[in-house]
Amino acid sequence: MILAGLILLGVGGADLVRAFVPRRWLGYLVVGLVILAIGVSAAALLEAIVAVVVAAGWVWAVPTHRPVRAAFWPALALGVLCALAVMSIPPRASAGVIAEVWAFPTPGGELSFDAAVLAVGAVVFLFESANVVVRLALNSVGSGATSPSEAASAPDAETVDDDALAEEVAVEGTAPAAPQPLAHEPSLKGGRLIGPLERVLVFSLTLLGAYTLVAAFIAAKGIVRFPEISRDSDRGNSAEYFLIGSMVSWVTALSAAALVWWSLSIA
C-alpha cells in the first residue's frame, strides 16, 4: 500500500506546486526528494522511484498551459494503478528503519506507517489534484474549462463567461451562480478552499462510517445551490455543471476513502 500512498503523495504534491509555487522546478525537486527520503527510510526505494516517475508522467500528460489531448484517461489510469497497488501487493512485514520509531495508536489499533502514508497521500491528492480531475471531466464533455494558469491571469469582469463558469466548477466542484453584476458585491475567492475542504470532509466522514452525515451533507449542498441553478434559465447549463462537477468531486473523495479502507482491512 505504500506504493499507492507515495504515488498519490507525489501527484498531489506536484499539482500543489503547479498551483501555488512560482518556481516550479524547485518545488518539483523538493517533492521528489521528500518521496525518495520516505522511500529510503521505509525500505521502499523502488516504490519511491516508481512514484516519482508516475508523478512526472502525470505532470506531462495533464498540462495546465494547453488542452489535455488524453481527455479523462490519465485520471482513470491513475485510479486503476493505485487500486492495483493496494489490492495486488500484500502488506509488508516491516517498514524499514522508520518502523523502529514509528508508533501511531488509534481507537481501532496501531496504524502502520504504510497506511499512514496512504492516508496522507490521499488527503494531499484531494486538495489540488482532485480539482484537476474535475477539470478533466468538464473538458471531456466540452464545457470549455480553462487551465488554472489562464484563470489566474484573467482580469476580473462584471459578468461571468463560459470559461469562468467552468473554472469555478473545476475548483469548487459545483455549478456557479448565474451571472450577476458585481459592482456592489464583494469578490469572494473561497472556491479554491471550499472544494478541497468539501472533499476532505466527505473522505473523513466516510472512513469514520458516518454515511448518514455524508448523505445529509450532499443533500444540503444540493438544496443550497438549487435557487442559483433554477435562476439560470438563460444559459441552461448550470445544472449540468453542478451535476458533473459535484459528482466527480464526490466520487474522487469516496474513491480515496475506499482505497484507504481497503488497505486497512487487509493490513
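Every read-out reported here was derived from the displayed coordinates using simple, explicitly stated rules and does not represent laboratory data. Nothing here was measured: the structure is a model prediction, and the numbers come from that model. Because the Cβ atoms are built from the backbone with ideal geometry, glycine has one as well, and the counts that use them run over all protein chains shown.
Under 13 Å from the Cβ of Val21, count the other residues' Cβ atoms, weight Lys and Arg +1, Asp and Glu -1, and hand me the total.
+1
At a 10 Å Cβ-Cβ cut-off, how would you order Thr106, Thr64, fewest neighbours first?
Thr106, Thr64
Computed FRET efficiency, Cβ-Cβ of Val101 and Leu197, R0 45 Å: what is it to the nearest 0.05?
Using R0 = 45 Å, I get an efficiency of 0.90.
Given labels modelled 7 Å from the Cα in the Cβ direction, how far is it in nm from Ser88 to Ser265?
2.0 nm
Distance between the C-alpha centers of the stretch 242-257 and the stretch 75-126? Whole Å please.
22 Å
So for Phe125, Phe72, fewest C-beta neighbours within 10 Å to most, what's the order?
Listed from fewest to most nearby Cβ atoms, that is Phe72, Phe125.
Listing Ile2, Ile89 from the residue with the fewest other Cβ atoms within 10 Å to the one with the most, what is the order?
Lowest to highest Cβ neighbour count: Ile89, Ile2.
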